[in-house]
1. As an exercise: evaluate residue 208 against (1) in the same structural domain as residue 170 (by TED's automatic domain parsing); (2) within 30 Å of residue 402 (Cβ to Cβ) and give the number of the one condition it does not meet.
2. Starting from the stretch 369-386, keep only residues that are assigned by TED's automatic domain parsing to the domain that holds residue 411, then list their pairs with residues that are within 6 Å of the ligand (Cβ to nearest atom) and assigned to a loop (DSSP other than H, G, I, E, B) whose Cβ atoms are within a distance under 6 Å, requiring at least 6 positions of separation or different chains.
3. Does the stretch 72-89 contain any residue that is within 23 Å of residue 140 (Cα to Cα), surrounded by fewer than 17 Cβ atoms within 10 Å (Cβ to Cβ) and at pLDDT below 95?
4. Taking the condition of a type in the set (Ser, Thr, Tyr), part of a strand (DSSP E or B), modelled with pLDDT under 95 and farther than 24 Å from residue 404 by Cβ, does residue 19 pass?
5. Limited to the stretch 270-307, what total is found for residues that are in contact (Cβ under 8 Å) with a residue 40 or more places away in the chain, in a strand (DSSP E or B) and under 18 Å from the mean Cα position of the chain (by Cα)?
6. For residue 239, all conditions in the list (1) open to solvent by less than 50 Å² (accessible area, probe 1.4 Å); (2) on the phi > 0 side of the Ramachandran plot hold save one; what is the number of the exception?
7. Please verify whether residue 294 is loosely packed, with under 15 Cβ neighbours inside 10 Å, at pLDDT 95 or above and acidic (Asp, Glu), treating the condition exactly as stated.
8. So if I check each of 289, 260, which one is on the phi < 0 side of the Ramachandran plot and within 16 Å of the ligand (Cβ to nearest atom)?
Amino acid sequence: MYFDKFHDECGIFGIYSPYKVDTFSLIQFGLFALQHRGQEACGFSVLRDGFIISHKSDGLVLDFFRKISNSECYYGNAVIGHTRYSTEGGQSKKNIQPFFGEDSYGKSIISIVHNGNLVNATNIRKKLESKGINFISEYSDSEVILRLIQKYLSESDNSLEKAIQKTTIDIKGAYSVIVLMNNKMAAFRDPNGIRPLCYGMLNESTYIFSSETCGIDSVGGFYVRDVLPGEIIIVDQKKSIQFSLLTEKKNTKKRICSFEYIYFSRPDSLIENVNVYEIREKSGEKLYEQHPVEADVVIGVPDSGVPASIGYSKASGIPFKPILVKNKYIGRSFILPKQEMREKMVNLKLNPILDEIKGKRIVIIDDSIVRGTTSRRLVYILRKAGAKEIHFRSASPPIIGPCYLGVNTPSKKDLISYNHIDKKNIEKILNVDSLEFLSMNNLIDILGSIHYCFGCFTGNYPVQKN
Ligand code: AMP
């Protein structure tokens, strides 16, 4: 199977202006703001004088842009870009986005960026290949979207709207996509709106699309609203903006990924006009209500565990102290393929202020417990520093299933809560005095039940795996 080993977590960004602007700086700012969504590779496509020019490479956003000396060559009317984070098996340079399509003279005429994961890309790719359509990437489901749009463009009088509508009848899964052509840009989102995508304005005629609102903020734009599940927005050179739906038949029940709020998105972003930080802080308050404990200090695992620990501190009156110090220059430890290296990385990444720990009863909160690597290691460090009691809290319910809709979670066999359904067992493995997970009911209470995908906590996904 092409796609079994490989799920992307990505950030996408696009700007469309009727006039030539400094698209080079704008895309650099936008992608840098979305760096947390993907740290392995990045790239962009610029529309300049009717030509689409693309540039992409592995590495972090600022390193990538620093290597480009002729920045003025990338000034244009419009630009789209992508930050990428894949797991083992999908790291080939051929899979870096944007993907672009050429006309019969070799001129780039279309380019796309995609965040999400399709569940039926393998079959579609096989069918397209059997009809003689060539693919450049090794595994990418995003390229499948591009090749379908290209195919349907030629069958629909070059109407981008119709081509997107036809494409989304074929594809299944999570997709937030931005498409650039030589006279327009489109953004669309799957009928469940699983991965985020929003739009904003830089001025009255310049449109911005971004995975998160922090991307819009980074270029000084203002957020208008989220692209709706199942919606297509097209902007063009006539300064017009057009809103339409993918297809009338498609079921458009909102199922936004709850993990975006818990871990993935930046705390300063809004999803559906709701601030991510606010949700995280509330989860800490709920954790205290759910299971109060007496302690001397609350600490949060930086970065995404900190807002919940502030919430816990507010609700309990136990002081919050930022005594786990994070090395800011380190990436996310999760991505390392070997367990031994992941454990070493935790030490390198997080170090406690020892004097603040000795003899103390500690509540420590992380946004989630996945494999248990971070939590086990942190407890070991805290015990070594002389903590009297350790009460571990997860600001999300136990993760019992992998995500096949765009978040990199490991397979079931590596998930500590899948392997040890009995909480007492996990308490023993982590070596803590008590362990609590935010209950599903409390998570639903904070988020509102009907609008979210809770697949990794419940095993019920909005789209079935093929
Ligand atoms: P683990 O150490 O395997 O239990 O993973 C839990 C830690 O990884 C927590 O500190 C989370 O902030 C972080 N985390 C959770 N989900 C992900 C993910 N999909 N990608 C990267 N890091 C994650």
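1. In the conditions (1) in the same structural domain as residue 170 (by TED's automatic domain parsing); (2) within 30 Å of residue 402 (Cβ to Cβ), residue 208 misses (2) alone.
2. Here the result reads 375/369, each pair linking the stretch 369-386 to a residue that is within 6 Å of the ligand (Cβ to nearest atom) and assigned to a loop (DSSP other than H, G, I, E, B).
3. First pass over the stretch 72-89, keeping only residues within 23 Å of residue 140 (Cα to Cα): 79-89.
Going one step further and asking which of them are surrounded by fewer than 17 Cβ atoms within 10 Å (Cβ to Cβ), we end up with 88-89.
Filter once more, keeping what is at pLDDT below 95: 88-89.
The answer is yes, given that some residue of the stretch 72-89 is within 23 Å of residue 140 (Cα to Cα), surrounded by fewer than 17 Cβ atoms within 10 Å (Cβ to Cβ) and at pLDDT below 95.
4. Details: of a type in the set (Ser, Thr, Tyr): yes; part of a strand (DSSP E or B): yes; modelled with pLDDT under 95: yes; farther than 24 Å from residue 404 by Cβ: yes.
Considered against the rule, which asks whether it is of a type in the set (Ser, Thr, Tyr), part of a strand (DSSP E or B), modelled with pLDDT under 95 and farther than 24 Å from residue 404 by Cβ, residue 19 comes out as yes.
5. Going through the stretch 270-307 one residue at a time, the tally reaches 2.
6. (1)
7. Working: loosely packed, with under 15 Cβ neighbours inside 10 Å: yes; at pLDDT 95 or above: yes; acidic (Asp, Glu): yes.
Taking the combined requirement at face value, the residue satisfies it.
8. Numbers: 289 fails: within 16 Å of the ligand (Cβ to nearest atom).
Just one listed residue meets the conditions, 260.
The values are calculated or read from the model by the stated rules, or taken from the named source; none is laboratory data. Model, not experiment: these values are computed from the prediction. Because the Cβ atoms are built from the backbone with ideal geometry, glycine has one as well, and the counts that use them run over all protein chains shown. What goes into the accessible areas is simple: the full protein's heavy atoms, side chains included, and nothing from ligands, DNA or RNA. Shrake-Rupley method; radii C 1.70, N 1.55, O 1.52, S 1.80 Å.
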